[in-house]
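K.L.:
Sharing a structure below in structure tokens format, with a few things to ask.
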Amino acid sequence: GDSVTQMEGPVTLSEEAFLTINCTYTATGYPSLFWYVQYPGEGLQLLLKATKADDKGSNKGFEATYRKETTSFHLEKGSVQVSDSAVYFCALNRMNRDDKIIFGKGTRLHILP
Amino acid sequence: DARVTQTPRDKVTEMGQEVTMRCQPILGHNTVFWYRQTMKQGLELLAYFRNRAPLDDSGMPKDRFSAEMPDATLATLKIQPSEPRDSAVYFCASGFALQETQYFGPGTRLLVL
């Protein structure tokens, strides 16, 4: 079945460091891929998405590129801020088969000032 | 700024009591999802509705959980009787059918003693 695997956390970085959170997927066909972010005490919100191979999603300085050949969608940011501290979820949709989104387990990110 | 609302935000109850959580989806959205989040299991899909009809509740313990949509502006998740293992954060999300983004509410934090 469809699944998403992302690196386990927590990930702790200093402010202005480079961030990579790895995500790989298994899916039938070519799903759309997402990164959602959950700030403390809040629900998840969409951070960025990519709908086809080689697409790059970007938002708030974060980027991720849809790599079909490696079935990956790694999240990157060049210079993190304390306000980026949150839990990040990689996810995929089920290609118009239904409305479900399959989420990874989440990666907690701590940014130290 | 349209948002998904959930009530209550926090609930503390004793084992055996009935718990009802409510969700108001974004006006016009025709899909509604209930998720449960715990540290151990991560984010689990409990049930989802399209056009108020339940399409999948396979993630929900049937003996004690029930989910309904009495009308397009209200979704409910009920636990009866509640147990300590039900302690978690319950999220509601809404969206448009077969489209890619789900919009999450702030969650109901449930503690069953």
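K.L.:
So for B:LEU98, A:LEU75, B:LEU46, A:LEU44, fewest C-beta neighbours within 10 Å to most, what's the order?
P.N.:
Sorted ascending by nearby Cβ count, the order is B:LEU98, B:LEU46, A:LEU75, A:LEU44.
K.L.:
When A:GLU16, B:GLU100, B:GLU68 are ordered from fewest to most other Cβ atoms inside 10 Å of their Cβ, what list results?
P.N.:
A:GLU16, B:GLU68, B:GLU100
K.L.:
What does the net charge come to around A:THR65 if you take all other residues with beta carbon closer than 10 Å to its beta carbon, with K and R at +1 and D and E at -1?
P.N.:
-2
K.L.:
Arranged by the count of other C-beta atoms within 10 angstrom, fewest first, what order do B:PHE91, A:PHE62 take?
P.N.:
Going from sparsest to densest Cβ surroundings: A:PHE62, B:PHE91.
K.L.:
A further question follows. With respect to the cross-link table entries A:LYS52/A:LYS100; A:LYS52/A:LYS77; A:LYS68/B:LYS40; A:LYS60/B:LYS40; A:LYS100/B:LYS62; A:LYS56/B:LYS40, which display a Cα-Cα separation exceeding 25 Å?
P.N.:
Pairs exceeding the cut-off: A:LYS68/B:LYS40; A:LYS60/B:LYS40; A:LYS56/B:LYS40.
K.L.:
Ok, one more. Using only alpha carbon pairs under 8 Å that are at least six residues apart, calculate the relative contact order of region B:31-113 and give it in whole percent.
P.N.:
Result for region B:31-113 is 28 percent.
K.L.:
Let me ask you something else. Normalise the Debye intensity by I(0) for chain A, one equal point scatterer per Cα, no solvent, then take log10 at q = 0.13, 0.14, 0.17 Å⁻¹ and round to two decimals.
P.N.:
Taking Cα atoms of chain A as identical point scatterers yields -0.44, -0.51, -0.75.
All of the numbers you see were taken from the coordinates with simple rules; none came from a lab. Here the structure is a predicted model, which means the values were calculated and not measured. Cβ sites come from the backbone with ideal geometry, for glycine too, and all protein chains shown count toward neighbours.
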